[in-house]
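Trainee: One structure is given below, represented as structure tokens, and several questions about it will come after.
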Amino acid sequence: MNHWPGLWAFRRENASGAAVKNIAERLADVSSHHGPVLATVDGYDVIDCEVCGFRHVDPLFTNEQLKKFYETEFYQSERPDYFERMEADREWWMLRYRHYYELIEAHAPGRRILDIGSGPGYFLDAGRERGWQVLGFEPSRAAADYTRSRGLAVVNDFFCAASAKEHGPFDAISMSMVLEHVRDPIGLIEEARSLLVPGGLLFVASPNDFNPLQMVLWKKMGFQPWWVNPKHHLNYFDTASARSFLLARRFQFLHLETSYPLENFLLAGRNYVGNPALGRECHNERKAFESALFLHDKERMKALAASWAAQGIGREFIIMGKKPA
Ligand SMILES: [Zn+2]
């Protein structure tokens, strides 16, 4: 209940280019993924992959399975109330997004941004109001139409560097709630990197999974690993693996913070797992908490976000890296 998948990106197997070939070769060698099994949910294992350096579902779904799921099922059957909920959360998202842009503007060499998996397009709205030249990539037709109806530029397709190239290069590329959905996050980041100018920024927000508070609830307090949802989430990053992931992709580390630790509610006895009504209530309280601080004491909010991240806790991580000039 805590985050609304702002979506995903998806790579095409038939795209051209040397980097792409390497990615396809790596994917073909599925046996190369190995590591201890951390959890098994709905028959799918999540491994701590020693090859990739982060946790992911094993074996991976095929591209065809993923494409079909996102194109035909995701909004229609899985998230029928997606837009209604996004609209209800809009003010809170805009506070968060303005904060994100402040982080980005402190380092960005220019004002052209690509948002991969732009969902309903609020992040593009926030950029436009600050004078950014914005472009979204969004595979859902409904989400892309909704974005376009406000006069924003969006490509209604899965992201791939080959088709994004004509619109670039970019001073910043963002992806919110994308990395956990894609079959090949390494390939996605490499492709994004190729579209950045020297000194350009990569900005990633994703769930902080297998975090210390979740582990207490799972290993000590009888909870199941509720955050593991193989059909929606293939990859499970945390603050540490996100940071090493960025460094391994040759980005210079700039910033890490996390959002409100939603597990606080569970630790306090308000078990929202499998209880959507209570989940919504907790989500609203979390929004109220963050919004109050963003509005009235932003420096406190930033300090809290940094200190949560320093302990590895917080529901989502926000990380930013720079492509060396
Ligand atoms: Zn792997």
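The values are calculated or read from the model by the stated rules, or taken from the named source; none is laboratory data. Computed from a predicted structure; not experimentally measured. Don't worry about glycine lacking a Cβ; one is built from the backbone with ideal geometry, like all the others, and counts go over all protein chains shown. Heads up: the accessible areas ignore ligands, DNA and RNA and are worked out on the full protein's heavy atoms, side chains in. Shrake-Rupley method; radii C 1.70, N 1.55, O 1.52, S 1.80 Å.
Trainee: I'd like the per residue volume of the convex hull spanned by the Cα atoms of region 114-157, given in cubic angstrom.
Mentor: Per-residue hull volume (Cα only) is 50 Å³.
Trainee: Tell me the accessible surface of Met177 in square angstrom (1.4 angstrom probe, heavy atoms of protein chains only), to the nearest ten.
Mentor: Accessible area, nearest 10 Å²: 10 Å².
Trainee: Continuing with the same structure: Order these peptides, 271-279, 193-201, 119-127, by their mean beta-carbon neighbour count within 10 angstrom, highest first.
Mentor: 119-127, 193-201, 271-279
Trainee: I would also like to ask the following. Taking amide H atoms as placed 1.01 Å from N in the peptide plane, list the residues 5 or more away in sequence, or in a different chain, whose amide H sits under 5 Å from that of Arg55.
Mentor: The answer is Cys49, Tyr236.
Trainee: Residues of region 157-307: accessible area per residue at 1.4 Å, in Å²?
Mentor: Per residue, region 157-307 has 37 Å² of solvent-accessible surface.
Trainee: Moving to a separate point now. Considering the chain, which cysteines have no disulfide-compatible partner, defined as another cysteine with its Cβ under 4.7 Å away?
Mentor: Cys160, Cys282
Trainee: Would you kindly derive the ³J(HN,Hα) couplings of region 316-322 from the backbone phi angles with the Karplus curve 6.51 cos²θ - 1.76 cosθ + 1.60 (θ = phi - 60°), listing them in order in whole Hz, with x for Gly and Pro?
Mentor: Per residue, the Karplus-derived 3J(HN,Hα) values read 10, 9, 10, 10, 9, x, 10 Hz.
Trainee: Is the C-alpha gyration tensor of region 212-313 telling us rounded, prolate or oblate? Criteria: a/c under 1.5 is rounded; beyond that, a/b larger than b/c is prolate, otherwise oblate.
Mentor: Judged from the Cα gyration tensor, region 212-313 comes out oblate (a/c at least 1.5, b/c at or above a/b).
Trainee: Residue by residue, what Karplus-based ³J(HN,Hα) values in Hz, rounded to whole numbers, does region 190-199 have, using 6.51, -1.76 and 1.60 with θ = phi - 60° and x for Gly and Pro?
Mentor: Values per residue, Gly and Pro as x: 4, 5, 4, 4, 5, 9, 8, 5, x, x Hz.
Trainee: Step by step: find N for the chain, compute 2.2 N^0.38 Å, then divide the Cα radius of gyration by it. What's the final number?
Mentor: 0.94
Trainee: Relative to the compact-globule scaling 2.2 N^0.38 Å, provide the ratio for the alpha-carbon radius of gyration of region 133-274.
Mentor: Taking the Cα Rg and dividing by 2.2 N^0.38 Å, one obtains 1.22.
Trainee: Could you work out how far the C-alpha centroid of region 88-131 sits from that of region 263-277, in angstrom?
Mentor: 30
Trainee: Also: Measure up Lys220/Lys298; Lys67/Lys165; Lys219/Lys298 against 27 Å on the Cα-Cα distance and list the ones that go over.
Mentor: Lys220/Lys298; Lys219/Lys298
Trainee: Once ligands and nucleic acids are excluded and a 1.4 Å probe is used, how much of Thr62 is accessible, expressed in Å² to the nearest 10?
Mentor: Accessible surface of Thr62 is approximately 60 Å².
Trainee: How much accessible surface area, in Å² rounded to 10, belongs to the heavy atoms of Ile47 with a 1.4 Å probe?
Mentor: 10
Trainee: Here's a follow-up. Mind checking the dipole of the chain: about its Cα centre, +1 per Lys or Arg Cβ, -1 per Asp or Glu Cβ, Debye to the nearest 20?
Mentor: On the way: 38 positive and 41 negative charges, 127 e Å.
Here the chain has a charge dipole of around 600 debye.
Trainee: Right, another one. Quick one: net charge around Thr147, please, counting Lys, Arg +1 and Asp, Glu -1 for every other residue with C-beta under 9 Å from its C-beta.
Mentor: With Lys, Arg at +1 and Asp, Glu at -1, the net is -1.
Trainee: Which Cα, out of Asn63, Val204, His34, lies furthest along the positive dipole direction of the chain (beta carbon charges, K/R +1, D/E -1)?
Mentor: Among Asn63, Val204, His34, the one farthest towards the positive end of the dipole of the chain is Val204.
Trainee: Turning to a different aspect of this structure: Using a Gaussian network for the chain with springs between C-alpha atoms less than 10 Å apart, which of these wobbles most: Ala142, Ala108, Ala288?
Mentor: With Cα springs under 10 Å in the chain, the top fluctuation among Ala142, Ala108, Ala288 is at Ala288.
Trainee: Full extension from Ala292 to Val37: what is 0.36 nm times the residue separation minus their Cα-Cα distance, to one decimal in nm? Spell out each step's value before the answer.
Mentor: Working: separation 255, 0.36 × 255 = 91.80 nm, distance 4.05 nm.
Stretched fully, the Ala292-Val37 segment lengthens by 87.7 nm.
Trainee: Sticking with this structure for a sec: So what's region 53-194 giving for Rg/Rh, alpha carbon basis, Kirkwood Rh from the mean inverse pair distance?
Mentor: Ratio of gyration radius to Kirkwood radius: 0.95.
Trainee: Largest first and in whole Å, what are the equivalent-ellipsoid semi-axes of region 130-185 based on the Cα gyration tensor, each being the root of 5 times an eigenvalue? Write out the running numbers ahead of the final one.
Mentor: Values: eigenvalues 65, 49, 27 Å².
Output for region 130-185: semi-axes of 18, 16, 12 Å.
Trainee: Something else about it: Can you compute the modelled spin-label distance between Ala106 and Leu278, with each label point 7 Å from Cα toward Cβ, in nm?
Mentor: Inter-label distance under the simple model: 3.8 nm.
Trainee: Please give the length that would be gained between Glu166 and Ala303 if that part of the chain were fully extended, namely 0.36 nm times their separation in residues minus their C-alpha to C-alpha distance (nm, one decimal).
Mentor: 45.4 nm
Trainee: Could you work out [θ]222 nm for the chain from helices alone, using -39500 (n - 2.57) per DSSP H run of at least four and dividing by all its residues? Round to the nearest 500 deg cm²/dmol. Intermediate results must be reported in sequence, preceding the final value.
Mentor: Details: 13 runs with 126 residues, N = 325.
Taking each H run of at least 4 residues, the total per residue is -11500 deg cm²/dmol.
Trainee: What ranking do 234-240, 151-157 get when scored by the average of other Cβ atoms within 10 Å per residue, highest first?
Mentor: The packing order, highest mean first, is 234-240, 151-157.
Trainee: Between Arg150 and Glu91, what length in nm is gained on full extension when 0.36 nm per residue of separation is reduced by their alpha carbon distance?
Mentor: Going from the current span to full extension adds 19.6 nm.
Trainee: Near the amide H of Arg315, under 5 Å away, which other amide H atoms are found, from residues 5 or more places off or on another chain, if H is placed in the peptide plane?
Mentor: Answer set, sorted by chain and number: Ser259, Tyr260, Leu262.
Trainee: Give me the distance in nm between label points sitting 7 Å out from Cα along the Cα-to-Cβ direction at Phe83 and Leu247, one decimal.
Mentor: In this crude label model, Phe83 to Leu247 measures out at 4.4 nm.
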